[in-house]
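To keep things clear, I will list the structure first and then write my remarks on it.
The values are calculated or read from the model by the stated rules, or taken from the named source; none is laboratory data. Please read all numbers here as calculations on a predicted model, not as lab measurements. So basically every Cβ, Gly included, is an ideal-geometry build from the backbone, and we count neighbours across all protein chains shown.
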Amino acid sequence: MRAWSSPGTTALPGGVRGPAVRIFDSSSESLLDVTPLDGPARMYVCGITPYDATHMGHAATYVAFDLLNRAWRSAGHDVHYVQNVTDVDDPLLERANANGEDWVGLAERETELFRTDMQALRVLPPDAYVGAVEAIPLVLDMVQQLQAAGATYDVDGDLYFSVTHDPAFGEVSRWSREQMLRVFADRGGDPERPGKKDPLDCLLWQAERPGEPAWDSPLGRGRPGWHIECSAIARDNLGATIDVQGGGSDLVFPHHEMSASEAQVADPDQRFARAYVHAGMVGLDGEKMSKSKGNLVLVSTLRESGLDPMVIRLVLLGHHYRSDWQWEESDVSAAGARLDKWRSAVAKPAGAPTEHLVTDVLTALATDLDAPFALRLIDHWANTTDFGDASEPGAGDVVRALVEAALGVRL
Ligand code: 5CA
Ligand code: ZN
């Protein structure tokens, strides 16, 4: 499907390059150098299930991976970025039913709103934006490979993936079996279903249910399971091994564990991703912000209230991407004041020296995307420009280009 328009990529001032990018990998619990081994950096980030509008949690996650995209580009790499849209799945069908509307119409409307939100936030679009429905042929190909590998079985017409088939199962999350079992049912799994070989096995293809959409296939009429959607789209667009598999930390298990496992059984000896990267959860009033709980602060509502999207982006960048944090109204006024201060400082004919600033900002971002530190460095530059040494003519242009290229904030 169509992605959104690119805000354009700005060159770094003076042709500087950022350092090699290091990022925290949940699987090894360590900082990994994710310099691409050959060709472009390959990144897959799990996209939305379009049954409700983009909230601050989604926005924080996509802005986090936008920083990674920009850090790789700053280091001189091309980036091949792929994102999915889960445009057929239980929560979407349930919401469409509850609204009394067509599920296709609901998915199209919310996906379009998401595109508009991402564009407003100046998030670089993926090179391939792929819906689950359009990926059905890819899913079917991959399921057939898993069948050939002997890793599938049938329960009353539904096809399951057998997790015990993968010796590396568990290595993404490193969770104990008890931890996995505790959350599986809440996160789309069906541990209690009779006839399963292992409670943790997951659906690959679900036979048609009355009143639900279904597609003809060699596996019978039905629809794809969730995890296989992402492994099939990633493999098809990016190859057997990608550099980064990304999403929010709620996807560590089962989603990223299962999709990696399926991919690794289909392509034995190939690790699905070099790094599994997870953004923290954004909450409101002490609870995770989620469409199912309904405690949402929506990007679109804030935009409609007239708030500059760059203020929203600065609120998000003010929190380290890996931390869990709560949305606070007071962050908005602080980010607004920061944006005004930066805008007035870059507009001056001369400003504080920028040589170290440029390297320090790029280094902060290349070191596990430390945006909060990068913001403080720019604050310091703006303060010095206002009250200290404003000896560099044209410094504002350098900082404007830096902030736009590395942080995605247009001043
Ligand atoms: N379609 C699947 C992924 S294949 C899905 O999880 N969709 S979603 O709409 O529920 O979430 C979209 C992205 O936002 C995911 O990466 C998810 O991890 C992230 N996300 C959801 N809620 C939050 C939150 N409260 N804070 C931060 N990120 C969140
Ligand atoms: Zn996914």
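Data table
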{"item": "Evaluation of Ala232 against (1) within 10 Å of ligand 1 (Cβ to nearest atom); (2) in contact with a Pro (Cβ under 9 Å, 6 or more places away or on another chain) (one fails), failing number", "result": "(1)"}
{"item": "The range 125-140 residues that are within 17 Å of Met43 (Cα to Cα), paired with ones that are of a type in the set (Ser, Thr, Tyr) and in a loop (DSSP other than H, G, I, E, B) (beta carbon under 6 Å, 6 or more apart)", "result": "Pro125/Ser6"}
{"item": "Among (1) more than 24 Å from Asp267 (Cα to Cα); (2) surrounded by 14 or more Cβ atoms within 10 Å (Cβ to Cβ); (3) not acidic (Asp, Glu) - the single one Ala151 does not satisfy", "result": "(1)"}
{"item": "Pairs where the first residue, in the range 238-261, is on the phi < 0 side of the Ramachandran plot and the second is among the polar types (S, T, N, Q) and in a strand (DSSP E or B), C-beta under 8 Å, 6+ apart", "result": "His256/Gln245; Ser259/Gln245; Ala260/Gln245"}
{"item": "Candidate set: the range 24-51, residues that are outside any loop (DSSP other than H, G, I, E, B) and within 16 Å of ligand 1 (Cβ to nearest atom); chosen: the one nearest to Leu365 (Cα to Cα)", "result": "Phe24"}
{"item": "Qualifying residue in the range 244-251 (condition: among the β-branched types (Val, Ile, Thr), closer than 19 Å to Leu138 by Cα and within 16 Å of ligand 1 (Cβ to nearest atom))", "result": "no"}
{"item": "Extreme residue, farthest from Trp325 (Cα to Cα), among residues of the range 252-271 that are of a type in the set (A, V, I, L, M, F, W, C) and crowded, with 24+ Cβ neighbours inside 10 Å", "result": "Val265"}
{"item": "Sole residue being surrounded by fewer than 16 Cβ atoms within 10 Å (Cβ to Cβ) and within 22 Å of Gly246 (Cα to Cα), chosen from Pro393, Pro372", "result": "Pro372"}
{"item": "Residue ID - nearest to ligand 2 (Cβ to nearest atom), chosen from residues in the range 232-271 that are of a type in the set (S, T, N, Q) and assigned to a helix (DSSP H, G or I)", "result": "Ser259"}
{"item": "Which numbered condition Val265 misses (of (1) within 12 Å of ligand 1 (Cβ to nearest atom); (2) assigned by TED's automatic domain parsing to the domain that holds Pro40; (3) closer than 27 Å to Gly157 by Cβ)", "result": "(1)"}
{"item": "Residues (in contact with a strand residue (DSSP E or B) (Cβ under 6 Å, 6 or more places away or on another chain) and within 12 Å of ligand 1 (Cβ to nearest atom)) located in the range 52-81", "result": "Ala53, His55, Met56, Gly57, Ala60, Thr61, Ala64, Phe65"}
{"item": "Residue under evaluation Pro349, criteria (1) more than 22 Å from the chain's Cα centre (by Cα); (2) surrounded by 15 or more Cβ atoms within 10 Å (Cβ to Cβ), criterion not met", "result": "(2)"}
{"item": "Selection within the range 272-292 - under 15 Å from Asp324 (Cα atoms), away from ligand 2 (no atom under 13 Å from the Cβ) and either in a helix (DSSP H, G or I) or not β-branched (Val, Ile, Thr) (or both)", "result": "Ala279, Gly280, Met281, Gly283, Leu284, Asp285, Gly286, Glu287, Lys288, Met289, Ser290"}
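One line per residue, one yes/no per condition, for (1) closer than 21 Å to Pro254 by Cα; (2) more than 21 Å from the chain's Cα centre (by Cα):
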| site | (1), (2) |
| --- | --- |
| Asn99 | no, yes |
| Val104 | no, yes |
| Arg109 | no, no |
| Gly157 | no, yes |
| Tyr160 | yes, yes |
| Arg177 | yes, yes |
